[in-house]
Amino acid sequence: MASQTAMLLLPLFSLSLFAMASAGNLNRDLQITWGDGRAKILNGGELLTLSLDKASGSGFQSTHEYLFGKIDMQIKLVPGNSAGTVTAYYLSSQGPTHDEIDFEFLGNLSGDPYTLHTNVFTQGKGNREMQFKLWFDPTLDFHGYSVLWTSQHIVFMVDGTPIREFKNLESRGVPFPRSQAMRIYSSLWNADDWATRGGLIKTDWSHAPFTASYRNFNADACVSVAGKSSCTAGKLAGGAVSWMDYRMDLESQKRMEWVQRNQMIYNYCADLKRFPQGLPPECALA
């Protein structure tokens with residue numbers, strides 16, 4: 001795995017499009033959905049925390065549903081020995097043929113890197129996992145995790161750096177999430193049957209409660225209400241929407257390739273044992 005120093009030597013990615021917007025009010029934008037008091041919105045709506053103990057985890061969801069947009073959140077992950085825990089942050093529709101775009105942070109033993117697990121579900125089917133080791137300690141400070149979702153592609157970003165792109169290849173027979181509105185969800189929960197080293201490392205409850213923190217949520221996105229979108233002809237109420245036409249330039253492509261070459265630890269498109277009848281079609285087309 002490449003060092004943090006090597007990452008810093010890369011040319012700085014232009015953050016003009018992906019810079020964190022001013023913080024929204026979490027009391028307005030997010031709703032705590034479960035946890036029996038383990039989730040809290042603090043500081044007048046500037047900070048949200050999720051906690052996990054042996055009895056229960058906790059979670060929240062967005063007030064609105066969205067159909068395309070750029071979704072930003074800054075997260076500080078569970079510090080110390082977080083083995084067995086999963087901090088999930090994702091977009092999802094509902095029903096058996098749901099669509100979903102996943103960030104999942106798999107806990108670790110103290111001193112080991114977190115694993116960032118990503119996945120894309122279309123029409124109820126996932127199995128498109130890519131996993132990465134982050135090039136920084138995500139427990140020491142807040143870092144930005146963003147999803148850019150348009151009718152053309154989905155781009156996963158960490159601190160403004162693209163790490164993965166899932167393109168719309170419907171013309172080649174690959175389903176793409178573009179018709180179901182999705183809500184944002186997050187949860188902190190115990191998954192020690194699989195999360196850390198395939199379930200070999202169990203949760204050490206002497207370190208509980210485990211806590212993850214969230215701030216600066218922003219959805220520059222098309223709000224969907226009763227099947228109707230707030231976006232018309234590429235515009236929101238505030239004017240033109242630049243993210244709708246975003247394409248990765250050469251600099252962005254190079255940074256994504258660097259991350260995938262140096263930080264990626266699993267790619268479903270390279271797992272021939274898992275797909276003995278042939279890799280999924282997007283693997284050859286993307």
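Some values worked out for this structure:
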{"item": "Segment 120-154, residues that are among the polar types (S, T, N, Q) and open to solvent by 10 Å² or more (accessible area, probe 1.4 Å)", "result": "GLN123, ASN127, GLN131, THR139, SER151, GLN152"}
{"item": "Near pairs, Cβ below 6 angstrom, 6+ apart or cross-chain, from segment 263-275 (modelled with pLDDT of 95 or more) to any residue that is outside any loop (DSSP other than H, G, I, E, B)", "result": "GLN263/PHE132; GLN263/LYS133; MET264/PHE132; ILE265/GLN131; ILE265/LYS133; TYR266/GLN131; ASN267/MET130; CYS269/CYS283"}
{"item": "Boolean, SER58 is in contact with a strand residue (DSSP E or B) (Cβ under 8 Å, 6 or more places away or on another chain), buried (at least 20 other Cβ atoms within 10 Å of the Cβ) and either over 29 Å from TRP243 (Cα atoms) or free of Cβ contacts under 8 Å to residues at least 24 places away in the same chain (or both)", "result": "yes"}
{"item": "Pairs with Cβ under 7 Å, 6+ apart, first in segment 123-150 and within 19 Å of TRP258 (Cα to Cα), second charged (D, E, K, R) and part of a strand (DSSP E or B)", "result": "MET130/ARG164; GLY144/ASP72; SER146/LYS70; SER146/ASP72"}
{"item": "Lone unmet requirement of (1) over 26 Å from GLN260 (Cβ atoms); (2) touching a residue at least 60 places away in the same chain (Cβ under 8 Å); (3) outside any strand (DSSP E or B); (4) open to solvent by 40 Å² or more (accessible area, probe 1.4 Å) for ASP193", "result": "(2)"}
{"item": "Number of the condition not met by ARG178 [criteria: (1) in a loop (DSSP other than H, G, I, E, B); (2) under 20 Å from ALA212 (Cβ atoms); (3) touching a Phe, Trp or Tyr at 6+ places or on another chain (Cβ under 9 Å)]", "result": "(2)"}
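The values are calculated or read from the model by the stated rules, or taken from the named source; none is laboratory data. Quantities reported herein were computed from a predicted structural model and do not represent experimental measurements. Using ideal geometry, Cβ is built from the backbone for each residue, glycine included, and neighbour counts are taken over all protein chains shown. Side chains included, ligands, DNA and RNA excluded: accessible areas come from the protein's heavy atoms. Shrake-Rupley method; radii C 1.70, N 1.55, O 1.52, S 1.80 Å.
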